[in-house]
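This report refers to the structure that appears directly beneath it.
Just so it is clear, none of the values below were taken in a lab; they were calculated from the coordinates. As the structure is a computational prediction, the values presented were derived from the model and not from experiment. Virtual Cβ from ideal backbone geometry, glycine too; neighbours counted across all protein chains shown.
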Amino acid sequence: MTQTRDIFQAIADPTRRQIIGMLARKSLNVNAIAQEFDITRQAVSLHVQLLNECGLIVIKQQGRERYCEAKLSKLKEVTDWVDQYRKYWDNKFDSLESYLAKIQKKKK
Amino acid sequence: MENYNTFKQEENILIHTRLLDAPRDLVWEVWTNPEHIKEWWGPNGFSLTTKSMTVEPGKIWDFIMHGMGKDWDNKIEYVEVKKPSLLTYKHSGERSEDYNFTVSILFEDVEGKTLLTMKSVFKSKAIIEELNRKVNAIEGGKQTLNRLENYLKILGNE
């Protein structure tokens, strides 16, 4: 059985989120990415590998360098149904909160 | 300070928490009384009519939401009812049984306030992923891209 990498797992990690953010602005090679972090190049490389496996980035050979590029269409999945569901209930809890405030005020 | 307003996904479960500035009995009341629930339930701009509500295991809340020029029939079936601490219900009547999900709301007293923990349990993680893909396909285009842009701006500024 092959295990498919999960996009939520991919973005759960702050380092990986930061890498996506960096790559969204421009393509970078692993060394350039690693320079931005206090962790080892190997650790950065593992994060990059995971992002690559779940399709959030692609790695392209350019001359002797391998450049990482953010694949934004895949990232859309993250902001979709779950995101809407979360926002919907955040909003409902806001309504609930203000309604509770209103009825408690009346009682006093 | 601990953050009480959270959201996370654990496999096939979506979990919301929210700390409400009201006693637990009152929070229970606004979830289980038709006069109260119509004041906050449902999408913004919709109104709500309850046909019947019996908050007991196996019994239902039968209601209509009015909005966008249409009436939307809704049924919720209560599964567990432990006043004032636990309410579990099933959403049914979806196009496919697979998309039905169960919601449990835990009401906890925290020094006179109420901590809500809402767990939405889906059949599988794959179902949630499928919903994501479908919404993606329907909405597509501009709105999602705009949101994505904002999301990336936030990421970039972190």
Requested in this report: Taking 7 Å along the Cα-to-C-beta vector as the label spot, tell me the B:Ser47-B:Ser104 distance in nanometres, rounded to one decimal.
Outcome: 3.7
Report task. Only loop residues by DSSP count here, and only those with at most 13 other Cβ atoms within 10 Å; note down the trypsin sites (Lys or Arg not before Pro) in segment A:16-69 that meet that. Result -> A:Lys26, A:Arg64
Requested in this report: Among A:Met22, B:Met53, rank each residue by its count of other Cβ atoms within 10 Å, from fewest to most, as a rough exposure measure.
Outcome: B:Met53, A:Met22
Requested in this report: At 7 Å along the Cα-to-beta-carbon direction for both B:Glu10 and A:Arg66, put a label point, then send me their distance in nm to one decimal.
Outcome: 3.6
**Report entry** Loop chymotrypsin sites (Phe, Trp or Tyr not before Pro), segment B:1-109, which have at most 15 other Cβ atoms in a 10 Å radius of their Cβ (DSSP)
**Finding:** B:Tyr4, B:Phe46
Query raised in the report: Which of the residue pairs A:Lys71/A:Lys92; A:Lys26/A:Lys92; B:Lys70/B:Lys113; B:Lys82/B:Lys123; A:Lys92/B:Lys70 have a Cα-Cα distance greater than 28 Å in the structure shown?
Result: A:Lys71/A:Lys92; A:Lys26/A:Lys92; B:Lys70/B:Lys113
Query - Per DSSP, loop trypsin sites (Lys or Arg not before Pro) in segment B:65-128 with at most 16 further Cβ within 10 Å - result: B:Arg95, B:Lys123
Query - Point-to-point label distance, B:Val81-A:Arg41, nm (Cα→Cβ direction, 7 Å offset) - result: 6.6
Query raised in the report: Quick one: B:Ile37, B:Ile64, fewest Cβ neighbours within 10 Å first, how do they rank?
Result: B:Ile64, B:Ile37
